[in-house]
Amino acid sequence: MNQMSIHRDGSVEPPTPTPTPTPVLELDRASVVFPSGPPWRRRRVPAMREVTLQVSAGETLGVVGESGSGKTTTAMVALGLRRPTTGVVRFEGASMPRRRRALAGRMQVVLQHPQWSLDPRMRVGRSVAEPLVVAERLARRAANTTSGAINGSSSGSITDAVAVMLEKVGLDASVAKRHPHELSGGQRQRVAIARALITRPRFVVFDEAVSALDVSVQAQILNLVVDVQAEYGFGALFISHDLGAVRYVAHRIAVMRHGCVVETADTETFYRTPEHEYSRQLLEAL
Ligand SMILES: Nc1ncnc2c1ncn2[C@@H]1O[C@H](COP(=O)(O)OP(=O)(O)OP(=O)(O)O)[C@@H](O)[C@H]1O
Ligand SMILES: [Mg+2]
């Protein structure tokens with residue numbers, strides 16, 4: 001109910017505000033400055049300038065902008081891998097914990113080259129299982145220190161979870177026994193996505209996740225991103241210099257330039273009537 005009510009005694013109850021869902025991830029005027037150049041001529045390079053953005057559960061925010069505009073730095077800050085020089089990062093309504101291990105399995109990233117997250121010596125099944133094994137080990141350790149032992153997943157149930165996840169990303173469960181070099185680039189990126197999603201994270205960053213793939217494979221992976229997000233409901237940051245790809249997956253778009261977010265808009269509005277001059281230039285180049 002969102003209306004003011006007047007009681008019989010004449011007292012007035014103010015309208016109950018409609019509850020707004022807490023964003024999964026929020027940056028509030030986050031800035032990052034990198035030192036650059038030799039010590040005797042040290043310069044400070046601002047990579048993020050007062051970046052404010054929110055990502056809700058089930059929402060994909062596309063981040064576009066030229067090379068060096070601060071997209072990856074923004075991702076690192078959102079994932080708690082880099083502390084902002086100033087400003088605040090909130091995950092599920094709370095400030096970023098000082099220890100990143102408190103976030104184990106709750107945030108994940110899919111990178112441009114799957115080999116960056118897949119160990120070439122490890123069988124695919126082990127790579128996919130790893131974040132789950134780590135998250136469970138940390139949860140067990142935390143529980144041991146408070147209330148004694150809890151049971152983790154057995155290796156059988158982890159194998160089952162891996163098989164389910166591989167099938168979810170369109171691979172045969174038997175792929176678990178292979179090594180990354182035995183797979184195509186598209187299959188490897190599917191494995192990287194399975195690995196990212198096995199812990200059911202609430203927030204996922206895709207940083208140029210389709211940029212290294214053939215165009216036809218790109219379309220398949222973009223479809224997969226849309227499907228898994230609809231199923232699992234995580235909030236996502238989808239970073240790409242490819243405005244066509246971003247249009248396909250993102251609900252909203254943030255445009256970055258020189259470390260600033262210069263425009264944020266719903267995807268359809270952005271592509272139809274971009275507001276910022278720089279956004280228009282980007283779209284004309286497309
Ligand atoms: N570790 C670092 N040390 C110093 N400067 C850095 C560091 N990482 C990034 N920068 C600088 O910060 C700025 C933003 O870089 P960032 O990697 O976030 O851009 P990007 O938008 O992801 O670019 P690309 O599209 O090429 O991936 C650039 O000027 C870059 O040179
Ligand atoms: Mg980058």
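The values are calculated or read from the model by the stated rules, or taken from the named source; none is laboratory data. Computed from a predicted model, the values in this text were never measured in an experiment. Don't worry about glycine lacking a Cβ; one is built from the backbone with ideal geometry, like all the others, and counts go over all protein chains shown. The protein model used for the area step is the full one, side chains on, heavy atoms only, and it has no ligands, DNA or RNA in it. Shrake-Rupley method; radii C 1.70, N 1.55, O 1.52, S 1.80 Å.
Given the options VAL262, VAL228, VAL215, VAL191, name the one that is without any contact (Cβ under 8 Å) to a residue 24 or more places away in the chain and closer than 25 Å to GLY80 by Cα. First the steps, then the outcome.
Values: VAL228 fails: without any contact (Cβ under 8 Å) to a residue 24 or more places away in the chain; VAL215 fails: closer than 25 Å to GLY80 by Cα; VAL191 fails: without any contact (Cβ under 8 Å) to a residue 24 or more places away in the chain.
Result of the check over VAL262, VAL228, VAL215, VAL191: VAL262.
Name the residue, out of VAL225, VAL262, that is farther than 12 Å from VAL64 by Cα and either within 16 Å of ligand 1 (Cβ to nearest atom) or buried (at least 20 other Cβ atoms within 10 Å of the Cβ) (or both). Give the steps one after another, and end with the answer.
Numbers: VAL262 fails: farther than 12 Å from VAL64 by Cα.
Only one candidate passes the filter, namely VAL225.
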Next item on the list: Can you tell me which residue within the stretch 228-245, out of those that are within 14 Å of ligand 1 (Cβ to nearest atom) and not in a loop (DSSP other than H, G, I, E, B), is farthest from VAL255 (Cα to Cα)?
Entry: ALA245
Item checked: Residue count, the stretch 237-253 (criterion: within 16 Å of ligand 2 (Cβ to nearest atom) and of a type in the set (Gly, Ala, Ser)) -> 2
Checklist line | Pairs with Cβ under 6 Å, 6+ apart, first in the stretch 59-83 and at positive phi, second assigned to a strand (DSSP E or B) and open to solvent by 20 Å² or more (accessible area, probe 1.4 Å) | finding: GLY65/ARG257
Margin query: Condition first: farther than 13 Å from ALA254 by Cα, near ligand 2 (Cβ under 9 Å from one of its atoms) and of a type in the set (Lys, Arg). Now tell me which residues in the stretch 61-86 satisfy that.
Written below: none
Check: Out of all the residues in the stretch 200-212, which are buried (at least 21 other Cβ atoms within 10 Å of the Cβ) and assigned to a loop (DSSP other than H, G, I, E, B)?
Finding: PRO201, ALA209, VAL210
Margin query: Looking only at residues that are within 18 Å of the chain's Cα centre (by Cα) and open to solvent by less than 30 Å² (accessible area, probe 1.4 Å) in the stretch 43-57, which one is farthest from ligand 2 (Cβ to nearest atom)?
Written below: VAL55
Margin query: For the stretch 265-284, check the following and say yes or no: at least one residue is buried (at least 16 other Cβ atoms within 10 Å of the Cβ), within 18 Å of VAL55 (Cβ to Cβ), in contact with a Gly (Cβ under 9 Å, 6 or more places away or on another chain) and touching a residue at least 24 places away in the same chain (Cβ under 8 Å).
Written below: yes
Next item on the list: All but one of (1) open to solvent by less than 40 Å² (accessible area, probe 1.4 Å); (2) modelled with pLDDT under 95 hold for PRO39, so report the exception by its number.
Entry: (1)
